[in-house]
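Please read the structure below before turning to the comments.
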Amino acid sequence: MTTRYPFSEIETKWQQYWEDNKVYQTDLSLSENKLYHLNMFIYPSGAKLHTGHWYHYGPSDSWARYQKLKGKNVFEPMGYDAFGLPAENYAIKTGIHPYDSTIANINEIRKQLKRMGCMYDWDAELMTCEPKYYKWNQWLFLQLYKKGLAYRKNAPVNWCPNDHTVLANEQVLSDGTCERCGTSVIQKNLTQWFFKITEYAEQLLEGLDKITWPEKTKLMQRNWIGKSVGAEVNFQINGHNESIKIYTTRPDTLFGATYMVLSPEHPLLDKLTIQKFKDEVQEYRNSIKSLTEIERTSTVKEKTGVNTGAFAINPVNHKKIPIWIADYVLMTYGTGAIMAVPGQDERDWEFAEKFNLPIIRTVQPPSDFEGKAYLEDGPAINSEFLNGLYVEEAKEKIIKWLEKKAIGKSKVNYHLRDWLISRQRYWGTPIPIIYCEKCGEILVDEKDLPVELPYDVHFKPGGESPLINHAKFMNVKCPKCGMDAKRDPDTMDTFVDSAWYYFRFLNPHIDSDPFDKKLAEKWIPVDMYVGGAEHATMHLLYARFIHKFLRDIGYTNSDEPFSHLVHQGTITNQGAKMSKSKGNVVNPDQFIEKYGSDVFRMYLMFMGPYELGGDWSDKGIVGTDRFVQRTYELFNKFPDLLNQVTPKDVYELNQLNENEKLIYKKVNQTIKKYDEEINHFRFNTAIAAMMELLNEMKKLELCSKEIQCYSLKRFAILLAPIAPHLSEECFSILRSKESIFQKPFWFEPDPIALVEDLVSIAVQVNGKLRGTVEVPINSSQNDVKDLLLNDEKIKKHLDEKEIVKEIYVPNKIYNIVVK
RNA sequence: GCCGAAGUGGCGGAAUUGGUAGACGCGCUGGACUCAAAAUCCAGUGGGGCUCACACCUCGUGCCGGUUCGAGUCCGGCCUUCGGUACCA
């Protein structure tokens, strides 16, 4: 018998061949057929590659290889998202410098990646912790600053007491914990750097219509941006010259506004609170302070609030309405003040009920309506000139009225907040700002970039950025006046690094620009981007924002960074997400050693739909191993064929014997099926089709050499994307002189072979299957009927019954309805 | 609470626009090979009934109902699981 497939030797051999011959080096000057295939790069957080990484990168590479075979000039780079907290926390614990541990990890990961056998262009490798990379983060910061899109402000921010740093809103989970470490986040007032992503809110929303992304992801971004259309209305305060501006999406309900609520942080509060209410107001404000944002905004919490004693004037009917404060009104959205319309708003209804405030309905609910606040459409009531109008018409009319009287105007709001980018940590990009007592906040000059991150710092548990205590780094001369000044001790969020890295891959060594603009013109946008769904509202939103900004300053001609996006599913272990801290990480190395990289890759692809992921189990891996063994055996039975025969591209079916015909058809059917499946990332069904073909190949010994060669050539090519090493070996067993990927090619199926001449038609009586009949394809109804009436099994169900109706779907089904 | 996705054999999972449910693989059962085992190969494998057997009957895609000649697929109402979100006026 043949020996087992010596995967270790063969995989090493081909990896060496690919590297020696630079098979996967992309010629970026040829952009005609370009396909930029990008995977979200690796975050080398201390752990090595685990099964989840494999699940992401392996199948994704198979898709890229398939595209290469189909004639695309594929660029598939890989790099390292090398800055970040884990390396620094590791340093605090062990004393090993983040730079050293990160480089060591990267070296290990690179080895593992090479063993996977992906077609990465290693000349394009990059890591974000190198000065030649992060220099351009600083450059980006300067450009944003110059356009007024990077600014510093004092604001309540999310602070993680464990990581000792602030977090962007997106990095706080819905249960109020830190996205990275799971600690409960608290609120602090701090002065921090922000990027003005809100400036692009509308464009970020509109751009979603132009890209082919999972609908789910686009919906998450839409919700995160959270556009709402409404109006701002000014309410005069009784007895003051001041007025309060409120925001509402329901200006049509103005006549139902029976009180007003301000955020406890509202700036006018001190001024308008009536003396005898002041103590209570102050007490309430103090009680709010100790609450976290999460506690304050919990929907299960009962409404609280206090009266200010002041009154506002409802501008439509000049009624005096009381002004309250309540923590459910947030200073950070809209104007920090609302008109309360309990008749049409559940929260306001709840509040009004609790504090005995008046309720007026201004939309007529249907007669059978039993709820409290009515939010649906209906005719306006109790609203004078709006009465009878439905919501949309009423809105239009009242806004016109408000604008004419200069009391209000239509207004659009977004939930999206500006991106908080400063971090009180060491292992990141230094912020290129100098503070001078005389000149204030000064930008580092572009020619002085990069502001290098010093190596010799001390890591102490307990918090402050190590940079603060690094005198040599901190103390500089002001670039403007030359006086003593200090650097900004903070570093940037690592999402800044990943917001533009796809540009840099095109030439990671360029020194004159952040990236090669000429190449970017041809190669950007990324054609296919593959990565985890957890980045839906963070990385994927930031990258789109930075892309649009780069476009606006003339650095790219495209609107969106990633035209197609696919999310691989998550591989869990016993239901839990794999993580080093949980200790449930499945190490792929043991499987590579036992079965080889092709088997492991194929198994991951065969497990189920790529977008779904699933719980890890190695139970089925022997199945793909058997497939690989049998394939290797098969090719070894027919060595040297390419030297012996030259098969034709197409064969006439009637010149083939029965076995040849069956094989020929199956080969071509498989090409078609496989092509469709893999093109849509349906690797599991593509592999199933290959397995079916392999089963059929048993008949190969009964075929001519030409058909043998014809079939095996095609089999090897189909194998190439999903088991690249095995495929190369199989092709060389046939005595091919070159690597498949050196001169990529693909076979189109012979359309004649795809047509079946006989079809089996399901015969139903009253919708129940009672038999099948074999007929030539496209048989007429009468022919089929003649046949089935001669079928004993079927006839039995028709005896002594009256046929009421017959349905015939050609080549599929014949249903007879009887009484 | 709201938004989104998904529930199919012992297991992972297949099923164009409604048209033969369970492809492919794992596991299991039986057989071949072997001194024996492993590996490999061949055959069978949704549940229940009936039969010596072939056949046949019947029930089956989370639950209840509907549309249809025909529903895993469409519609209405639930249940469960998983993601996202959290009083955004």
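The values are calculated or read from the model by the stated rules, or taken from the named source; none is laboratory data. Since this is a predicted model, take the numbers as computed values, not measurements. With ideal geometry, Cβ positions are generated from the backbone for all residues, glycine too; neighbour counts draw on all protein chains shown.
Worth a mention:
- Candidate set: segment A:784-799, residues that are part of a helix (DSSP H, G or I) and either in contact with a Ser or Thr (Cβ under 7 Å, 6 or more places away or on another chain) or farther than 18 Å from A:L758 by Cβ (or both); chosen: the one farthest from RNA strand B (Cβ to nearest atom): A:L789
- Of A:I707, A:I717, A:I752, all but one fail to be farther than 30 Å from A:Y24 by Cβ and modelled with pLDDT of 95 or more; the exception is A:I707.
- Matching residues, segment A:106-137, being under 26 Å from the mean Cα position of the chain (by Cα) and among the polar types (S, T, N, Q): A:Q112, A:T128, A:N137
- Set A:I225, A:I244: member being more than 12 Å from RNA strand B (Cβ to nearest atom) and either at pLDDT below 95 or not polar (S, T, N, Q) (or both): A:I244
- Within segment A:532-556, considering residues that are among the small types (G, A, S) and either buried (at least 22 other Cβ atoms within 10 Å of the Cβ) or in contact (Cβ under 8 Å) with a residue 60 or more places away in the chain (or both), the one farthest from A:Y610 (Cα to Cα): A:A543
- Residue within segment A:590-613 that is exposed (fewer than 13 other Cβ atoms within 10 Å of the Cβ) and within 16 Å of RNA strand B (Cβ to nearest atom) present: yes
- Strands (runs of 3 or more DSSP E) (entirely within segment A:445-533) containing at least 1 residues that are touching a Phe, Trp or Tyr at 6+ places or on another chain (Cβ under 9 Å) and more than 27 Å from A:V566 (Cα to Cα): A:484-487
- Options A:D175, A:D163: the member that is exposed (fewer than 15 other Cβ atoms within 10 Å of the Cβ), among the charged types (D, E, K, R) and not in a helix (DSSP H, G or I): A:D175
- Top-ranked residue in segment A:68-91 [being in contact with a helix residue (DSSP H, G or I) (Cβ under 9 Å, 6 or more places away or on another chain) and over 30 Å from A:W427 (Cβ atoms); ranked as surrounded by the fewest Cβ atoms within 10 Å (Cβ to Cβ)]: A:K70
- A:E265, sole failed condition from (1) under 21 Å from A:K411 (Cβ atoms); (2) touching a strand residue (DSSP E or B) at 6+ places or on another chain (Cβ under 6 Å): (2)
- Single residue of segment A:379-414 satisfying the filter (in a loop (DSSP other than H, G, I, E, B) and on the phi < 0 side of the Ramachandran plot) that is surrounded by the most Cβ atoms within 10 Å (Cβ to Cβ): A:S383
- The set of residues in segment A:464-491 that are surrounded by fewer than 15 Cβ atoms within 10 Å (Cβ to Cβ) and over 22 Å from A:C439 (Cα atoms) comprises A:E464, A:N469.
- Residue match in segment A:336-350 (condition: within 7 Å of RNA strand B (Cβ to nearest atom), on the phi > 0 side of the Ramachandran plot and in contact (Cβ under 8 Å) with a residue 24 or more places away in the chain): yes
- Residue selection: A:Y664 satisfies the criterion of being in contact (Cβ under 8 Å) with a residue 24 or more places away in the chain, surrounded by 21 or more Cβ atoms within 10 Å (Cβ to Cβ), away from RNA strand B (no atom under 12 Å from the Cβ) and more than 30 Å from the chain's Cα centre (by Cα).
- Candidates in segment A:772-805 are the residues that are in contact with a helix residue (DSSP H, G or I) (Cβ under 6 Å, 6 or more places away or on another chain) and at pLDDT below 85; of these, the one that is surrounded by the most Cβ atoms within 10 Å (Cβ to Cβ) is A:L788.
- Yes/no for A:S581 being under 21 Å from A:W54 (Cβ atoms), at pLDDT 95 or above and of a type in the set (S, T, N, Q): no
- Yes/no for A:G182 being surrounded by fewer than 16 Cβ atoms within 10 Å (Cβ to Cβ) and away from RNA strand B (no atom under 16 Å from the Cβ): no
- Selection of segment A:199-222 for residues being within 23 Å of A:F681 (Cβ to Cβ), more than 9 Å from RNA strand B (Cβ to nearest atom) and aliphatic (A, V, I, L, M) yields A:L208, A:I211.
- In segment A:747-770 there is at least one residue matching the filter, namely being within 30 Å of A:F606 (Cα to Cα) and polar (S, T, N, Q).
- Helices (runs of 4 or more DSSP H) fully within segment A:689-783 counting 2 or more residues that are away from RNA strand B (no atom under 16 Å from the Cβ): A:705-722, A:724-733
- Of all the residues in segment A:333-344, those that are within 18 Å of A:G309 (Cα to Cα) and either part of a loop (DSSP other than H, G, I, E, B) or within 37 Å of the chain's Cα centre (by Cα) (or both) number 2.
- For segment A:114-142, the set of residues classified as surrounded by fewer than 20 Cβ atoms within 10 Å (Cβ to Cβ) and out of contact with any strand residue (DSSP E or B) (no Cβ under 8 Å at 6 or more places or on another chain) consists of A:K114, A:R115, A:W122, A:D123, A:E130, A:P131, A:K132, A:K135, A:W139, listed by residue number.
- Scan of segment A:57-115 for residues that are in contact (Cβ under 8 Å) with a residue 24 or more places away in the chain, part of a helix (DSSP H, G or I) and hydroxyl-bearing (S, T, Y), ordered by number: A:Y57, A:S60, A:S62, A:Y66, A:Y90, A:Y99, A:S101, A:T102
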